[in-house]
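**Q** If you scroll down you'll find the structure; I have some questions about it.
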Amino acid sequence: MELIDIGCNLTHDSFDADRDEVVAAAQAAGVVQIVVTGASKAGSEQALALELDRPGVLFATAGVHPHLARDWNDDVERLLRELAAQAPVVAVGEAGLDYFRDLSPRPDQQHAFAAQLQIGIDTQLPVFLHLRDAHEDFHAMLKAVRHQLADVVVHCFTGTQPELHALLDLDCHIGITGWICDERRGEHMQAYLADIPAHRLMIETDAPYLKPRNLHPRVKSHRNEPRFLPWILETLAACRADPHAAGRDHHRQCAAVFSLAGENPGLNRV
């Protein structure tokens, strides 16, 4: 079975010493393509550079994470628009709202989010979105422009069941990470994972963050890697009480949310 990690922070400095080996290990585990998240001005440029270095295997997004929204300015927007205009970039984001940490003032987050939604509208690229503890504002802003956007991926979803259904009602794709493998934080999600239609369900590692806590055999490093994606998928399939979902016509069910090179399988839907 071939998988695609739809969200991996492969530009993170924890991968600087062994990035090639990390990609090779992922491919050996069946993760044949990786979407590299651009979460800052520099990170988006680095993501594109990685994609150009490994065409057909790595794919870049371009965006500014809400943690860094305070840095948003005309120069940042100009760069993101330039990157989004280049064929190798497959999505706008990571963009959104994060009221859990509030590392940028909320008005700044909302401004940067709205600006990146507009880039998504103007380019008709998919948008790759971040949401944490900000559902009401996030939903309102997204709903106001949803009819103008192409595909929407709400990545690393960790919210409540009603919040999930509100996003599904907006025709969003839902990205699931190793959060569901964490007995301390992800247990509430296991009750509603079956609510996500298969054609709206995607999987990702968000590496190097969120290493599955139930990984067996255990790995000493705290760093998450794309090679652990099959473990997340197995956990997800068990929670959905559908152990066969992982292997059922995988590429047939993958829609071209992102236009990927090669066989153009799209992104994971289990």
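The values are calculated or read from the model by the stated rules, or taken from the named source; none is laboratory data. Keep in mind that this is a model prediction, so the values were computed, not measured. Every residue, glycine among them, receives a Cβ derived from its backbone with ideal geometry; neighbour counts consider all protein chains shown. In case anyone asks, the SASA skips ligands and DNA or RNA and just uses the protein heavy atoms, side chains included. Shrake-Rupley method; radii C 1.70, N 1.55, O 1.52, S 1.80 Å.
**Q** Take the residues in region 124-149 that are of a type outside the set (Lys, Arg) and part of a strand (DSSP E or B), then tell me which one is farthest from LEU83 (Cα to Cα).
**A** Within region 124-149, the match that is farthest from LEU83 (Cα to Cα) is LEU131.
**Q** Looking only at region 159-212, count every residue that is farther than 26 Å from ASP16 by Cα and outside any loop (DSSP other than H, G, I, E, B) and tell me the total.
**A** Counting residues in region 159-212 that are farther than 26 Å from ASP16 by Cα and outside any loop (DSSP other than H, G, I, E, B) gives 24.
**Q** OK, next. Restricting to region 90-101, give me the number of residues that are charged (D, E, K, R), free of Cβ contacts under 8 Å to residues at least 40 places away in the same chain and open to solvent by less than 80 Å² (accessible area, probe 1.4 Å).
**A** Summing the residues that are charged (D, E, K, R), free of Cβ contacts under 8 Å to residues at least 40 places away in the same chain and open to solvent by less than 80 Å² (accessible area, probe 1.4 Å) in region 90-101 gives 1.
**Q** Oh, and also: Taking the conditions exactly as written (surrounded by fewer than 24 Cβ atoms within 10 Å (Cβ to Cβ), of a type in the set (A, V, I, L, M, F, W, C) and not in a helix (DSSP H, G or I)), does LEU50 satisfy them or not?
**A** In short, no.
**Q** Is it the case that some residue within region 106-123 is modelled with pLDDT of 95 or more, outside any helix (DSSP H, G or I) and open to solvent by less than 20 Å² (accessible area, probe 1.4 Å)?
**A** No, every residue in region 106-123 fails to be modelled with pLDDT of 95 or more, outside any helix (DSSP H, G or I) and open to solvent by less than 20 Å² (accessible area, probe 1.4 Å).
**Q** Being of a type in the set (Gly, Ala, Ser), over 15 Å from GLU204 (Cα atoms) and open to solvent by less than 50 Å² (accessible area, probe 1.4 Å) is the filter here; which residues of region 1-37 pass it?
**A** Residues satisfying the conditions are SER14, ALA25.
**Q** Give just the number: which of (1) open to solvent by less than 60 Å² (accessible area, probe 1.4 Å); (2) part of a loop (DSSP other than H, G, I, E, B); (3) of a type outside the set (Phe, Trp, Tyr); (4) under 26 Å from ARG146 (Cβ atoms) does ALA87 not satisfy?
**A** (1)
**Q** If I filter region 38-47 down to residues being outside any helix (DSSP H, G or I) and open to solvent by 10 Å² or more (accessible area, probe 1.4 Å), which single residue comes out as farthest from VAL152 (Cα to Cα)?
**A** Here the answer is SER40.
**Q** OK, next. Could you grab me the full set of residues in region 152-181 that are open to solvent by 10 Å² or more (accessible area, probe 1.4 Å) and touching a Phe, Trp or Tyr at 6+ places or on another chain (Cβ under 9 Å)?
**A** CYS156, THR158, THR160, GLN161, GLU163, HIS165, TRP179
**Q** Against the conditions (1) surrounded by 16 or more Cβ atoms within 10 Å (Cβ to Cβ); (2) more than 16 Å from the chain's Cα centre (by Cα), where does GLN148 fall short? Just the number, please.
**A** Just one mismatch for GLN148, condition (1).
**Q** Just one of ALA91, ALA49, ALA39 is in contact with a Gly (Cβ under 7 Å, 6 or more places away or on another chain) and of a type in the set (A, V, I, L, M); which is it?
**A** The conditions single out ALA39.
**Q** Right, here's the next one. What are the residue pairs meeting all of these: first residue in region 197-225, first residue β-branched (Val, Ile, Thr), second residue part of a loop (DSSP other than H, G, I, E, B) and at pLDDT below 90, Cβ atoms under 6 Å, and 6 or more apart or on different chains?
**A** The qualifying pairs are ILE203/ASN268.
**Q** Within region 182-199, does at least one residue satisfy the condition of being hydroxyl-bearing (Ser, Thr, Tyr), open to solvent by less than 40 Å² (accessible area, probe 1.4 Å) and within 14 Å of ILE6 (Cα to Cα)?
**A** Checking region 182-199: not a single residue is hydroxyl-bearing (Ser, Thr, Tyr), open to solvent by less than 40 Å² (accessible area, probe 1.4 Å) and within 14 Å of ILE6 (Cα to Cα).
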